[in-house]
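Notes for the one structure printed next.
The values are calculated or read from the model by the stated rules, or taken from the named source; none is laboratory data. Nothing here was measured: the structure is a model prediction, and the numbers come from that model. No Cβ is skipped: glycine too gets one built from the backbone with ideal geometry, and neighbour counts run over all protein chains shown.
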């Protein structure tokens, strides 16, 4: 029984070590991608909105890795914000030649992600501070 427990613990430690190692690799590769993007912007001598959105996505990825190391968990809303930013960047990259139905699908996806982030945030606030919604109603 003790060997089984130790074997499970060894697997847990191995998987945890792999997770942390992968996050370090992601952080370094993201930093490298930021450097490459900045060099590209400087060499072209023009900053486009898509470049700024891409840098924002990189910043969010780095923030997600930092949040994991600080709090030992990744807030669920951070990947949602990354997805929203990526969809906005996609719409901008497609330009005026975008098909109307594609634009509707992509904007609907942004709206769905935004509403889901709002619902998650609202539920977290109510879980942390039960009765906070009632307190707000009393103040109004």
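Check region 23-44 and report whether any residue there is closer than 27 Å to residue 120 by Cβ and modelled with pLDDT under 95. Within region 23-44, one or more residues are closer than 27 Å to residue 120 by Cβ and modelled with pLDDT under 95. Considered as a group, the residues in region 73-132 that are part of a loop (DSSP other than H, G, I, E, B) and over 18 Å from residue 57 (Cβ atoms) include one that is farthest from the chain's Cα centre (by Cα), and that residue is 131.
The condition of being at pLDDT below 90 and surrounded by fewer than 12 Cβ atoms within 10 Å (Cβ to Cβ) holds for only one of 9, 49, that being 9.
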